[in-house]
Every structure is written in structure tokens, then in C-alpha cells.
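J.: Shown below is the structure under consideration.
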Ligand code: SF4
């Protein structure tokens, strides 16, 4: 078990610095210990649950990868937390699907919401639909509604488990690693980021989902390759880039832009 469960990342002073340094060294040792090349996804999840009890979270937007990992974790009875960022602008189908997952797997899903005052002040200054105005305002909205709540979540964990896969090249995720170290926002405290399904192909994922009768987010059937907020995420047509449905109004002049919301810049 990692000894930093009570680590307060915001503690000031030299003692806190030493604590962070010791924590980072332990995480580096864990990273070396994890045999990510030969472990199966279930083994990686079990390893994380064992090393970081109460401090490892599967953070999901309820794509197939996230739900598959919730299925693995609950089936194996692993001590992992499940969480999502609720931007307060998610599709109604997503809110309903969260309830379905909780019921199916008898589990809690932690919701991380934007700070009410931050949203209020953003909307007062720029309006609810500021993301139409410019890339800068869209990124600001994503920062307020997504990145900051995600940062709040990450302050409570040592291990962040995500569902990036290398064959999601259309999402620019070909470099997704099974395990890497990231820095917590605003400090140099490290967090171990795991993508247990990084090497899985789309076919493997579909096969696993079907074979285990895992619930599938209803927006896939409506043509959404991934989900986010209403208006900003839309279905795509056959032949369109998988990111084409995101912030469609930027498609023409931003063809080289990654169109990421900021959660996974450091893949
Ligand atoms: S996806 Fe759109 S509504 Fe959601 S946080 Fe980003 S800009 Fe705001």
C-alpha cells in the first residue's frame, strides 16, 4: 500500500515538499514494478486496486472502454473508485446511462461538477453559449466545466485510470501509454496514469462488450463516436473524421487542431 494516502498536496513549506518528493519516488518505483507489457487489463486494474486502496479511480465518460473497466472491476470485486465529470451540459442520455450503470453494477459513481461561482461568472461575462464565439472561449468553457472539476478529482487520487486506446488514431491517441506519470495541476505531485486497454483494438473491445453483455451508451447508436456536452458533441456521418462532430463550427478553419477538451493533452 502506498503510504501517501493522507498526503495533502496543498501543504506549504519544506516538509510538504519532502513529502511530495518521497511520494513521487514511490510512484516511480511502482511504475518500474508494473509489468504493463504482459499484464492483462484485469491484472492492471487489480494491481492498481492493491497498490492504491481508495486512491485509484476509473474516470470515465461512459464510452465502451470505461464501462468495460467498470465491469471488470465490479466482477472481480476490486477496491476502485468510479467517477465522471458532470459539466452540467451532458446529454440527457448520459445522465440516464449513469443511473443504468449504477443499477447494473450496484456501484457508486462520483460526480465532479464545475464550481457554481465559476460557471456563474463565466456565463455572466460571455453568455451560456460562449463556445460559439472563438476557440479561446470554447477552451475557457472546457476549462471551467471540465478541466477544473477533473483537477479537483485528481487531487484525491494517486492513480488515474482512463480508457485511451492506441488505435483511436482519429482521436490522436496512437501514443497512449498503458502507464505513465503526470503532474497534478498546480503542483509537482505525480499521479500514475493508467490506460489498461491502451493496446486493445476496436474489434477486441467490441467483442469483450458483446461477450459480457456490457451496457452500451445509447448515443453510439445515434452516430456519436464519443460523448461530451450537448451542442458541442454531435453525431458524425459515414466517412467523416471522428472528431468532426466536436465543435462543428470550427471544422473549416481548424482542420489541424486536435479538438481536445484538455483532459488528455498529455497522452
Ligand atoms: S464541450 Fe462545450 S459546453 Fe462542454 S465544456 Fe467544452 S465548450 Fe463548454
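Here, each number is a calculation from the coordinates, and none is a lab measurement. Since we're looking at a predicted model, the values are computed, not measured. Reconstructed Cβ throughout: ideal geometry from the backbone, glycine too, with neighbour counts over all protein chains shown.
J.: Within the stretch 112-128, which residues are surrounded by 15 or more Cβ atoms within 10 Å (Cβ to Cβ) and within 20 Å of residue 60 (Cα to Cα)? Walk me through it before giving the result.
T.: At the first step, the residues of the stretch 112-128 found to be surrounded by 15 or more Cβ atoms within 10 Å (Cβ to Cβ) are 112, 114, 119, 122, 126.
Answer for the stretch 112-128, where residues must be surrounded by 15 or more Cβ atoms within 10 Å (Cβ to Cβ) and within 20 Å of residue 60 (Cα to Cα): 112, 114.
J.: May I ask you to say which residue of 189, 135, 165 is within 16 Å of the ligand (Cβ to nearest atom) and either buried (at least 17 other Cβ atoms within 10 Å of the Cβ) or farther than 20 Å from residue 44 by Cα (or both)?
T.: 135 is the lone residue from the list that is within 16 Å of the ligand (Cβ to nearest atom) and either buried (at least 17 other Cβ atoms within 10 Å of the Cβ) or farther than 20 Å from residue 44 by Cα (or both).
J.: Got a number for residues in the stretch 194-253 being away from the ligand (no atom under 16 Å from the Cβ), part of a loop (DSSP other than H, G, I, E, B) and in contact (Cβ under 8 Å) with a residue 40 or more places away in the chain?
T.: Adding up the residues that qualify gives 9.
J.: What single numbered condition from (1) within 17 Å of the chain's Cα centre (by Cα); (2) assigned to a helix (DSSP H, G or I); (3) within 24 Å of residue 248 (Cβ to Cβ) fails to hold for residue 98?
T.: If we test residue 98 against (1) within 17 Å of the chain's Cα centre (by Cα); (2) assigned to a helix (DSSP H, G or I); (3) within 24 Å of residue 248 (Cβ to Cβ), just (3) comes out false.
J.: Right, another one. How many of the residues in the stretch 112-156 are assigned to a helix (DSSP H, G or I) and closer than 21 Å to residue 189 by Cα?
T.: 10
J.: If you check 77, 54, 66, which single one turns out to be in contact with a strand residue (DSSP E or B) (Cβ under 8 Å, 6 or more places away or on another chain) and on the phi > 0 side of the Ramachandran plot?
T.: It is 54.
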